[in-house]
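**Student:** First, the structure itself, so that you have it in front of you.
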Amino acid sequence: MKAFILSAFMIVFAICLSCSESPQPTPPATGGNEPPELTGFSPLSGKKGTVIKIQGRHFGTDKAKVSLQINGLKAVINTVTDSEISAVVPDKCGLGKLVLTINGKEISSSAAFRYLYTATTSYFSGSGLGGYEDGAPLKSKFGTLYNIAMDGKGVMFAADLGNCMVRRIDTDGSTSTVAGAASGGFKDGKGNQGLMKFPIGIELAPDGSIFVADHENHAIRQLFPDGTLTTVAGEPDRPGSADGGLASAQFNQPYGVKLDKTGTLWICDTKNGLIRKLANSQVTTFAGSTPGYADGKLRDAKFYMPSYLNFDENGNIFVADKHNHCIRKITPDGMVTTFSGTPTQVGYRDGEAGQAMFNQPCNIQIDKLGNLYVNDLWNHCIRLVYPDGYVTTLAGKGGTEGYNEGTGENALFKHPQGCTLDKDENLFVTDSANQRIRKLTIQ
C-alpha cells in the first residue's frame, strides 16, 4: 500500500514539474502592446552607405513591420531585435531626425542625423583660354562667366561678363551666342545689335525669356527667345536707388536676379546695398538701408554688396552678402538675421554657423532638403551649408586656387562665380578665371 502511495506521489510530482518547466509563450514579434521607445542612435553623421544603429525598447523582431525615414527618404532595414535596429541611411538624406514606424506606431529621434555629402568635379565646357569662340566644348572660349541658369531641358544660359554677351550652353557642352557683342554698350536690339555692358545676373522666366542684370549699365534687361534684347528698367547714365515705375526706377550695379513663384523679380542692387523687387511694373525696396552690416527689421538691416539671393521651401530668403562675408536670412515675418559665417571677417573655416568663415560668397543654390550650395569666390571652393547653418567644403581646397578635376579637395577652382542645379541635383559651376564650366556630381 505504501509503495502504491509513493508511486502515485511521484507521478503527480513529475506532472507538476513538467508543467513548471514548459516554455513561456513567445512575445509577439511586434513588441506587444507596449509603445516602442527610441533612446538613441549612432553614428550621428556619415556618408553614402553608412550603417546606423538605433537603440531603444519594444521594437519587436519582424522586419516587415519596421520602417525608417530621414527627410522623407526611406532607409534599408538590415536587422531588427527588440532593443536595436540596424539600417543603411538613404542616399543624400541631408540633415534630419529619424522617423521610425513600428507596426503603425511612429516615433522620432530627438537628435538629427547629418549626411556627409561628397562631390566629384569633372570638366563640362570651355577651352580654358579667355576670348570669344562658339562651338564644341573644347573649342569654346569665354570672357569670364558669371551667373548661370538652366531650363527644364538642361540647356544653360550664362552671363559672359568679359564679352558683354549672353551665351547658350547645350547639354553636350557646345556653346553659341544669344545676344550681345564684345564691344559692349547700351542698346536694345536683336542678336549682336542688342548691347550690354558687363552682364552679371541671369534668370530664366517661364515664357522662355531671360532677365539680365546689366551691371555697368545699372539696368535690368529682358532677352526674348528670338534674341531680342529690351530694357525693363534703369539706364547707364542715371545710377541711383529711386523706387517707382519702370521709367523712373534706378539701380546701382545690380548683380543677382531671381524670380519667385508669383513672377516677382528680386534684384540684388549691389552697390546700393539693397534688396529690390520688380512687380506690376513697379520697383520697390524690400530690405536694406545704407551699405554696411546690421541685422533687424527689413529696412533697418544693412548689407554690403549683396550679390545673389534664393528661396527655400518655407518662404525664407537667403542672401549671399558678399563683402560682409556671410550668408543672411530674411524670414517671412520680415526679420534679417545672419544665418552662417562670421560677419565682416574674411577667412576660411568649416564648422558651426557662427564659427564658419567665408571670403566673398557670391552665389547660392538651394536643394529640396534646404541645403545651400555656396560659391566661395576668393576661397576658390564650393561650400555646403546645412539647414542649421553648419558649413562644410564640398569641392575645392579652401584658399588654394588652381585647376584640377577630382573628388572633394582634390578638385581645384579659381574664382568660381555662378552655379545652378539640374533636375538630378548635379551642380554646374562657372569657374570664371579658369574660363570653364565644371560639373559636380554630388553623392
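The values are calculated or read from the model by the stated rules, or taken from the named source; none is laboratory data. None of these values were measured; they are calculated from a predicted model. When we count neighbours, we look across all protein chains shown, and the Cβ atoms used for this are built from the backbone with ideal geometry, even at glycine. What goes into the accessible areas is simple: the full protein's heavy atoms, side chains included, and nothing from ligands, DNA or RNA. Shrake-Rupley method; radii C 1.70, N 1.55, O 1.52, S 1.80 Å.
**Student:** Could you order W266, W378 by accessible surface area, starting with the largest, using a probe radius of 1.4 Å?
**Tutor:** Values: W266 15, W378 125 Å².
Heavy-atom accessible area, descending, gives W378, W266.
**Student:** Do any trypsin sites (Lys or Arg not before Pro) in segment 288-366 lie in a loop, going by DSSP, with at most 15 other beta-carbon atoms within 10 Å of their beta carbon, and if so which? Please report the intermediate quantities before stating the final value.
**Tutor:** Values: sites: K297, R299, K302, K322, R328, K329, R349; in loops: R299.
Qualifying residues, ordered by number: R299.
**Student:** Okay, next question. State the three equivalent ellipsoid semi-axes of segment 240-279, derived from the C-alpha gyration tensor as the square roots of 5 times its eigenvalues, in descending order and whole Å.
**Tutor:** Details: eigenvalues 55, 34, 8 Å².
After diagonalising the Cα gyration tensor, the semi-axes are 17, 13, 6 Å.
**Student:** How large is the accessible surface of H323 in square angstrom, using a 1.4 angstrom probe and rounding to the nearest 10?
**Tutor:** Using a 1.4 Å probe on the heavy atoms, I get roughly 60 Å².
**Student:** In addition: Among the listed pairs K139/K397; K139/K439; K47/K74; K277/K329; K277/K302; K190/K423, which have their C-alpha atoms separated by more than 21 angstrom in this model? If you can, show how the numbers build up before the last one.
**Tutor:** Values: K139/K397 28 Å; K139/K439 18 Å; K47/K74 16 Å; K277/K329 17 Å; K277/K302 17 Å; K190/K423 31 Å.
Pairs exceeding 21 Å: K139/K397; K190/K423.
**Student:** Just add up the charged neighbours of R57: K/R +1, D/E -1, any other residue whose Cβ is under 11 Å from the Cβ of R57.
**Tutor:** On the way: positive: none; negative: E34, E37, D82, E84.
Computed value for this residue: -4.
**Student:** Further question on the same structure: Could you derive backbone 3J(HN,Hα) for segment 415-420 from the dihedral phi with the Karplus parameters 6.51, -1.76 and 1.60 (θ = phi - 60°), listing whole Hz in sequence and x where the residue is Gly or Pro?
**Tutor:** These are the phi-based 3J(HN,Hα) values: 6, x, 9, x, 7, 8 Hz.
**Student:** Kirkwood hydrodynamic radius, computed over distinct alpha-carbon pairs, for segment 278-399: how many Å, to one decimal?
**Tutor:** Working: mean 1/r = 0.0703 Å⁻¹.
One decimal place: 14.2 Å for the Kirkwood radius.
**Student:** How much accessible surface does M150 have with a 1.4 Å probe, in Å² rounded to 10?
**Tutor:** 40
**Student:** Net charge near A181, counting Lys/Arg +1 and Asp/Glu -1 over other residues with Cβ under 12 Å of its Cβ?
**Tutor:** Details: positive: K187, K190, K197; negative: D160.
Taking every other residue near A181 into account, the sum is +2.
**Student:** If you build the Cα gyration tensor of segment 137-178 and take the root of 5 times each eigenvalue, what three semi-axes come out, in whole angstrom, biggest first?
**Tutor:** Details: eigenvalues 51, 30, 11 Å².
For segment 137-178, the ellipsoid semi-axes come out as 16, 12, 7 Å.
**Student:** For K187, go through the aspartates and glutamates and keep the ones whose alpha-carbon is under 19 Å away, minus same-chain ones fewer than eight residues off.
**Tutor:** D160, D214, E216, D226, E235, D237
**Student:** Skip the ligands, DNA and RNA, and give the accessible area per residue of the chain with a 1.4 Å probe, whole Å².
**Tutor:** Numbers: 18920 Å² over 443 residues.
It amounts to 43 Å² per residue over the chain.
**Student:** Taking 7 Å along the Cα-to-C-beta vector as the label spot, tell me the D300-A242 distance in nanometres, rounded to one decimal.
**Tutor:** 3.0
**Student:** What is the angle, in °, between the Cα long axis of helix 2-20 and the longest principal axis of the Cα atoms in the chain? Nearest 10 is fine, range 0 to 90.
**Tutor:** Tilt of helix 2-20: around 0 degrees.
**Student:** Based on Cα coordinates alone, diagonalise the gyration tensor for the chain, multiply each eigenvalue by 5, take square roots, and list the semi-axes in whole Å, largest first.
**Tutor:** 59, 23, 19
**Student:** Working with all protein chains in place, sort F41, F224 by solvent-accessible area computed with a 1.4 Å probe, largest first.
**Tutor:** Numbers: F41 25, F224 70 Å².
If we order F41, F224 from most to least accessible, we get F224, F41.
**Student:** On to the next question. Compute for segment 105-247: radius of gyration divided by Kirkwood radius, i.e. Rg/Rh, restricted to C-alpha atoms, rounded to two decimals. Spell out each step's value before the answer.
**Tutor:** Values: Rg = 18.9 Å, Rh = 16.6 Å.
Reported Rg/Rh, Kirkwood definition of Rh: 1.14.
**Student:** While we're here: Would you please state the base-10 log of I(q)/I(0) at q = 0.13, 0.19, 0.23, 0.25 1/Å for segment 280-328, with intensities from the Debye formula using one equal scatterer on every alpha carbon?
**Tutor:** With one equal scatterer per Cα and no solvent, log10 I(q)/I(0) is -0.31, -0.65, -0.89, -1.00.
**Student:** Determine, at each q value in 0.24 (inverse angstroms), the log₁₀ of I(q)/I(0) that the Debye formula gives when each Cα of segment 256-337 is one equal point scatterer.
**Tutor:** -1.18
**Student:** Same structure again: Could you tell me what percent of the accessible area of the chain is made up of carbon and sulfur, with a 1.4 Å probe and every protein chain present?
**Tutor:** Numbers: 10070 of 18920 Å².
The value for the chain is 53 percent carbon and sulfur by accessible area.
**Student:** Which aspartates and glutamates, on any chain, are close to K297 with Cα under 16 Å apart, when same-chain ones fewer than 8 places away are left out?
**Tutor:** Cα-Cα hits under 16 Å: D333.
**Student:** Can you check what the net charge comes to around L95, using other residues whose Cβ is under 11 Å from the Cβ of L95 (Lys, Arg +1; Asp, Glu -1)?
**Tutor:** Working: positive: K97, R114; negative: D388.
That works out to +1.
**Student:** Right, here's the next one. Using the crude model of +1 on Lys and Arg Cβ and -1 on Asp and Glu Cβ, and no other charge, please compute the dipole size for the chain relative to its Cα centre, in debye to 20. Before the final figure, lay out each step's value.
**Tutor:** Working: 42 positive and 43 negative charges, 63 e Å.
Roughly 300 debye, rounded to the nearest 20.
**Student:** Quick one: of K197/K258; K53/K105; K48/K105, which pairs are farther than 22 Å apart, Cα to Cα? Walk me through the numbers on the way to the answer.
**Tutor:** Working: K197/K258 20 Å; K53/K105 19 Å; K48/K105 28 Å.
Exceeds cut-off: K48/K105.
**Student:** Once every DSSP H run of n ≥ 4 in the chain is given -39500 (n - 2.57) and the sum is divided by its residues, what mean residue ellipticity at 222 nm do you get, rounded to the nearest 500 deg cm²/dmol? Write down the numbers at each step before the final one.
**Tutor:** Working: 1 runs with 19 residues, N = 443.
Helix-only estimate at 222 nm: -1500 deg cm²/dmol.
**Student:** Here's something else I'd like to know. Name the most mobile residue of C268, C93, C419, meaning the one with the largest mean-square fluctuation, in a Gaussian network model of the chain with Cα contacts below 10 Å.
**Tutor:** C93
**Student:** Let me ask something else about it. Could you rank E203, E106 by how accessible they are, 1.4 Å probe, largest area first? Write down the numbers at each step before the final one.
**Tutor:** Details: E203 20, E106 130 Å².
Final ranking, largest accessible area leading: E106, E203.
**Student:** Rounded to the nearest 0.05, what FRET efficiency do T407 and T39 give with R0 = 41 Å and r taken as the Cβ-Cβ distance? Could you check? Present the calculation step by step, with values, prior to reporting the outcome.
**Tutor:** Values: r = 36 Å, r/R0 = 0.88.
With R0 = 41 Å, the Cβ-Cβ based efficiency is 0.70.
**Student:** Just the accessible area for L44, please: 1.4 Å probe, Å², rounded to the nearest 10?
**Tutor:** 100
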